[in-house]
1. Being touching a Leu at 6+ places or on another chain (Cβ under 9 Å) and without any contact (Cβ under 8 Å) to a residue 60 or more places away in the chain narrows it down to one residue among ILE126, ILE188, ILE133, ILE169; which is it?
2. Can you give me the number of residues within the stretch 109-128 that are open to solvent by 10 Å² or more (accessible area, probe 1.4 Å) and part of a helix (DSSP H, G or I)?
3. How many of the residues making up the stretch 27-52 are without any contact (Cβ under 8 Å) to a residue 60 or more places away in the chain, assigned to a helix (DSSP H, G or I) and open to solvent by 20 Å² or more (accessible area, probe 1.4 Å)?
4. From the list VAL62, VAL106, exactly one residue is in contact (Cβ under 8 Å) with a residue 40 or more places away in the chain and open to solvent by 60 Å² or more (accessible area, probe 1.4 Å). Which is it?
5. LEU84 fails exactly one of the following numbered conditions: (1) open to solvent by 60 Å² or more (accessible area, probe 1.4 Å); (2) among the aliphatic types (A, V, I, L, M); (3) at pLDDT below 95. What is the number of that condition?
6. Would you check if there is a residue in the stretch 159-174 being closer than 28 Å to LYS75 by Cβ and either surrounded by fewer than 21 Cβ atoms within 10 Å (Cβ to Cβ) or in contact with a strand residue (DSSP E or B) (Cβ under 8 Å, 6 or more places away or on another chain) (or both)?
7. Output the residue which, of all residues in the stretch 130-141 that are open to solvent by 10 Å² or more (accessible area, probe 1.4 Å) and not hydroxyl-bearing (Ser, Thr, Tyr), is farthest from SER208 (Cα to Cα).
8. Just to be sure I understand, how many residues within the stretch 2-26 are loosely packed, with under 14 Cβ neighbours inside 10 Å and under 18 Å from LEU84 (Cβ atoms)?
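The values are calculated or read from the model by the stated rules, or taken from the named source; none is laboratory data. Because the structure is predicted, anything quoted here is derived from the model rather than measured. Note that we place each Cβ from the backbone using ideal geometry, even for glycine, and neighbour counts take in every protein chain shown. Each accessible area value is taken on the protein alone, full model and side chains, heavy atoms only, with ligands, DNA and RNA left out. Shrake-Rupley method; radii C 1.70, N 1.55, O 1.52, S 1.80 Å.
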Amino acid sequence: MKKPVYKELTLATLPLTFIFLLFSLMTFIPGYPILCGTFFICLGMFQSWQKAREDNDILYSVLLPIRKSDVVKGKYAAAVFIQLVAFMLCAVFTFIRMFFMSEAAVYKANFMMSANLVYLSFVLLIFAAFNVIFIGGFFKTAYALGKPFVFFIITNFIIIAIAETLHHIPSLSWLNADDFSFIGRHLIAFVTSFFVYVISTVISCKVSQKRFENTDL
């Protein structure tokens with residue numbers, strides 16, 4: 001599996017995708033839907049998939065001495081790697097806000113989502129949606145990219161809208177705590193989202209492998 005992943009990260013992934021990881025810095029922006037940074041990270045990955053499609057990367061990959069299922073697994077693994085790097089950056093910036101900047105006036109007056117474990121939970125949910133809707137949708141044909149990405153965009157902004165709405169409900173105001181006063185509830189939300197991300201990605205990969213085995217290139 002190392003070689004397919006290495007091939008994806010070195011040949012099929014544009015430098016732009018790694019540059020777009022800098023959108024994780026949007027975690028620091030007050031008065032702004034910071035989850036949009038996660039969308040731009042996914043957009044960076046989409047650019048790589050689009051370029052790979054135009055370069056006939058799928059056809060090249062199946063001509064390599066590996067199984068077709070490994071082609072799919074390699075693409076999922078490369079996407080997960082980029083997502084985990086992005087997540088770690090968001091996590092570092094989140095804890096900087098929580099430990100060192102929570103008392104700053106711009107964050108105290110912030111009416112949008114705060115950077116906390118709930119925010120990181122929604123980051124994972126958006127990445128899960130990308131893996132299931134976009135990557136899984138791509139492997140229905142192993143060619144079409146537009147429709148799966150449009151469906152992902154719609155889902156992405158629905159998730160952002162839900163995230164930015166829930167904490168305004170009085171009984172759910174704890175979702176937006178920018179300190180550790182509700183750390184227990186935040187941990188439950190985070191662990192739940194983590195399992196959703198892992199399980200949905202694994203299932204999507206297995207379904208995509210079956211689809212790709214039956215795809216006539």
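1. Values: ILE126 fails: without any contact (Cβ under 8 Å) to a residue 60 or more places away in the chain; ILE188 fails: touching a Leu at 6+ places or on another chain (Cβ under 9 Å); ILE133 fails: touching a Leu at 6+ places or on another chain (Cβ under 9 Å).
Within the list ILE126, ILE188, ILE133, ILE169, the selection yields ILE169.
2. Residues flagged as open to solvent by 10 Å² or more (accessible area, probe 1.4 Å) and part of a helix (DSSP H, G or I) within the stretch 109-128 amount to 3.
3. Within the stretch 27-52, residues that are without any contact (Cβ under 8 Å) to a residue 60 or more places away in the chain, assigned to a helix (DSSP H, G or I) and open to solvent by 20 Å² or more (accessible area, probe 1.4 Å) number 4.
4. Only one candidate qualifies: VAL106.
5. (3)
6. yes
7. Kept after step one, since they are open to solvent by 10 Å² or more (accessible area, probe 1.4 Å), are these residues of the stretch 130-141: 132-133, 137, 140-141.
If we keep only those that are not hydroxyl-bearing (Ser, Thr, Tyr) too, we end up with 132-133, 137, 140.
Numbers: VAL132: 9, ILE133: 11, GLY137: 8, LYS140: 7 Å.
So the residue we want is ILE133.
8. Step one: of the stretch 2-26, the residues loosely packed, with under 14 Cβ neighbours inside 10 Å are 2-3, 6, 10-11, 15-16, 19, 25.
Of the ones still in play, those that are also under 18 Å from LEU84 (Cβ atoms) are 2, 6, 10, 19, 25.
The number of residues fulfilling the criteria is 5.
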